[in-house]
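The values are calculated or read from the model by the stated rules, or taken from the named source; none is laboratory data. Note that the structure is predicted; figures quoted are calculated from it, not measured. Here the Cβ is made from the backbone with ideal geometry for all residues, glycine too, and neighbour counts use every protein chain on show.
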Amino acid sequence: MGIDPDKFWNNTWSENQLLGESYNIKQNLEWERTRYIATMIHNVNCSKKSQMKKPEDLLRLPQDKQVKNKIEPKSTREQFEKFWAKVQRAHNQKND
């Protein structure tokens with residue numbers, strides 16, 4: 001996930017879980033970007049419109065199943081704000 005072991009062990013389980021989810025979301029977005037670029041390259045080189053593909057048809061990704069279903073947030077806004085305030089305090093202490 002790219003965090004220091006000290007930060008990992010100082011966080012609560014739910015904070016580490018949120019950091020892990022954030023990491024997975026970023027990775028999924030990167031794969032979607034790659035798929036979209038590959039689709040554009042494919043479609044530019046097509047001679048007929050019927051040969052063009054949608055990104056989902058060119059490469060299936062695990063998150064495609066989740067997009068179809070409604071995804072519920074795993075934390076409330078208040079929990080996120082409390083977590084974010086803690087992250088900011090830790091960041092400010094590091095810079096002091």
Problem - Lone qualifier among ASN43, ASN28, ASN16 - being under 21 Å from TRP84 (Cβ atoms) and in a helix (DSSP H, G or I) - result: ASN16
Handout entry: Filtered residues of segment 19-55 (kept if under 30 Å from ILE3 (Cα atoms) and touching a helix residue (DSSP H, G or I) at 6+ places or on another chain (Cβ under 7 Å))
Key = ASN28, ARG35, TYR36
Completion exercise
Checked PRO73, PRO55, PRO62, PRO5 against criteria (in contact with a Ser or Thr (Cβ under 6 Å, 6 or more places away or on another chain) and either at pLDDT 90 or above or of a type outside the set (A, V, I, L, M, F, W, C) (or both)); the one match is PRO55
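Yes/no per residue for (1) out of contact with any Lys or Arg (no Cβ under 6 Å at 6 or more places or on another chain); (2) closer than 23 Å to GLN79 by Cα; (3) loosely packed, with under 11 Cβ neighbours inside 10 Å:
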residue	(1), (2), (3)
ILE3	yes, yes, no
LYS7	yes, yes, no
GLN27	yes, no, no
TYR36	yes, no, no
LYS48	yes, no, yes
ARG60	yes, no, no
Practice task
With the condition kept exactly as written, say whether any residue in segment 64-84 is surrounded by 13 or more Cβ atoms within 10 Å (Cβ to Cβ) and in contact with a Lys or Arg (Cβ under 9 Å, 6 or more places away or on another chain).
Solution key: no
Completion exercise
The condition of being within 30 Å of LYS94 (Cα to Cα) and assigned to a helix (DSSP H, G or I) holds, among GLU21, GLU56, only for GLU21
